[in-house]
Amino acid sequence: MSDLEPVFMTALRDRADGDVRVEPLLDGARRRGVRHRRNRRLAAIGGSVGAVAAVLAATLLVPTGGGTPPPATSAAPSARASTARPSPTPSERPRPPAVPGLAPLTAGGTLGQGRQLHLDTTDATPFTIRWDSADGFEALEVGRYPTSRFGYDLFRVMAYTTGPALDAAIAERQANWPGKAAVEQLSAGGRPATLRWTNDWATLRWQPLDGVWALAEVKFHRMQPDPMPVIGAAEARAAMLEVAASIRYDRVLRCAAQYQLTWAPPGTRVRSCMVELPGLSTTTSLGFEVPSGGVFFVTDTTTDEVKPNKTYAGHPVEEGRDGSQIAIDGHQYTIERGDAGLSRDSLLRTLVGIRPGPATADPLA
């Protein structure tokens, strides 16, 4: 279960007797949980691709529960699994703008090139969507608006430029996959793929394009209906092939900050970029690497929940356990130390030096 899910589900239970407007509810839950999960999600983005995988192993999809072993025989898709939770008809979700002049993966582009976004989904109305990009690595997380008829609400895909890098990430994650999984070789998009599954979770490893190695994951769970549909080999296979078929590689979307850093520790450079589009606000987080190799993060959220409790160089800021924040022109900017080892003065000097500006992939330029 992700860090967001308990907050969101608790809020749903609290409102069970009333009319629930899902998007504002999710937006509030996401904003309350974002500080605590970002440090864990991104702490090693600034390191090697293997370090990125280690962080995502702790913060992307970590199946939980008993991990009930799968039955020996396949089962037909359950009729109960086709019932999606009731929800209003959503409007089409926006996407970051396309990047002109940068080749998509289908035309020879490279994962993580320019820290831009080379993965997307064919689902026009995802409940939530998040992209992560660093050199040689990208990830996509999609919360589906209606639940899949195969019993999952959310899927994640990690993609690497080499097979060994992906396999190292899989090895790192397998300790967190409970239960004894069944393994099946099949074909995804005409290419060999390996399916692993239990009644609780499933993964698919395949090479969707030359130079791209990917791992897709789902955890089978439903808030509605209850009980959860029985997951057999047929459901697991169909779910993972559905995920694989929903990924698109034919365009590049922009990951960019709309601010400049007027000061940063000497030798700082941009290392990673993340965009999140859940609810009613947009979040962009950049990882900045310092000469020691450590990384700190600056996040821009299109909302303002800052409650100043300190003043630094004449600027009201909010200092907290996970970072410091400042409100500028209706945006909430958060700086987090990560593993960069920066002093309080360096962090706050960087934070108060933020100036809104045109979109850029390098706010230090």
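The values are calculated or read from the model by the stated rules, or taken from the named source; none is laboratory data. Remember, it's a predicted structure, so these values are computed and weren't measured experimentally. Here Cβ is always computed from backbone atoms with ideal geometry, including for glycine, and neighbour counts include all displayed protein chains. Areas reflect the complete protein model, heavy atoms only, side chains present, ligands, DNA and RNA absent. Shrake-Rupley method; radii C 1.70, N 1.55, O 1.52, S 1.80 Å.
Points to keep in mind about this one:
- Qualifying positions in segment 137-147 - in contact (Cβ under 8 Å) with a residue 60 or more places away in the chain and touching a Gly at 6+ places or on another chain (Cβ under 8 Å): 137
- Within the set 191, 144, 205, 149, the sole residue that is over 27 Å from residue 104 (Cβ atoms), of a type in the set (D, E, K, R) and open to solvent by 40 Å² or more (accessible area, probe 1.4 Å) turns out to be 149.
- Condition check for residue 273 on (1) surrounded by 22 or more Cβ atoms within 10 Å (Cβ to Cβ); (2) in a strand (DSSP E or B); (3) modelled with pLDDT under 95: one failure, at (3).
- Among residues of segment 165-201, those that are within 23 Å of the chain's Cα centre (by Cα), modelled with pLDDT of 90 or more and basic (Lys, Arg), counted: 1
- Within the set 316, 266, the sole residue that is part of a loop (DSSP other than H, G, I, E, B), open to solvent by 60 Å² or more (accessible area, probe 1.4 Å) and at pLDDT 95 or above turns out to be 266.
- Every condition in (1) among the hydrophobic types (A, V, I, L, M, F, W, C); (2) over 30 Å from residue 123 (Cβ atoms); (3) touching a Ser or Thr at 6+ places or on another chain (Cβ under 9 Å) is met by residue 313 except one, and the failing one is (3).
- Considering segment 113-141, and only residues there that are over 12 Å from residue 93 (Cβ atoms), among the charged types (D, E, K, R) and not in a strand (DSSP E or B), the residue that is modelled with the lowest pLDDT turns out to be 135.
- Residues within segment 292-303 that are open to solvent by 50 Å² or more (accessible area, probe 1.4 Å) and either over 18 Å from residue 357 (Cβ atoms) or in contact (Cβ under 8 Å) with a residue 40 or more places away in the chain (or both), tallied: 1
- Of the residues making up segment 94-105, one or more are in a helix (DSSP H, G or I), modelled with pLDDT of 50 or more and open to solvent by less than 40 Å² (accessible area, probe 1.4 Å).
- Given (1) open to solvent by 10 Å² or more (accessible area, probe 1.4 Å); (2) outside any loop (DSSP other than H, G, I, E, B); (3) of a type in the set (Gly, Ala, Ser), index of the condition residue 179 fails: (2)
- Only one of 103, 134 that is closer than 21 Å to residue 169 by Cα and in contact (Cβ under 8 Å) with a residue 60 or more places away in the chain: 134
- Matching entry among 360, 334, 311 (being among the polar types (S, T, N, Q) and either crowded, with 20+ Cβ neighbours inside 10 Å or modelled with pLDDT under 90 (or both)): 334
- Restricting attention to segment 276-291, the residues being open to solvent by 10 Å² or more (accessible area, probe 1.4 Å) and modelled with pLDDT under 90 number 4.
- Residue in segment 153-164 that is in a helix (DSSP H, G or I), modelled with pLDDT of 90 or more and open to solvent by less than 10 Å² (accessible area, probe 1.4 Å) present: yes
- Taken over segment 342-365, the criterion of being over 25 Å from the mean Cα position of the chain (by Cα), under 19 Å from residue 292 (Cα atoms) and not in a helix (DSSP H, G or I) is satisfied by 342, 343.
- Residue 322 open to solvent by 30 Å² or more (accessible area, probe 1.4 Å), of a type in the set (Asp, Glu) and either closer than 30 Å to residue 98 by Cβ or without any contact (Cβ under 8 Å) to a residue 40 or more places away in the chain (or both): no
- Subset of segment 176-202 (residues that are in contact (Cβ under 8 Å) with a residue 60 or more places away in the chain and among the aliphatic types (A, V, I, L, M)): 181, 182
- Residue within segment 345-355 that is open to solvent by 50 Å² or more (accessible area, probe 1.4 Å) and free of Cβ contacts under 8 Å to residues at least 12 places away in the same chain present: yes
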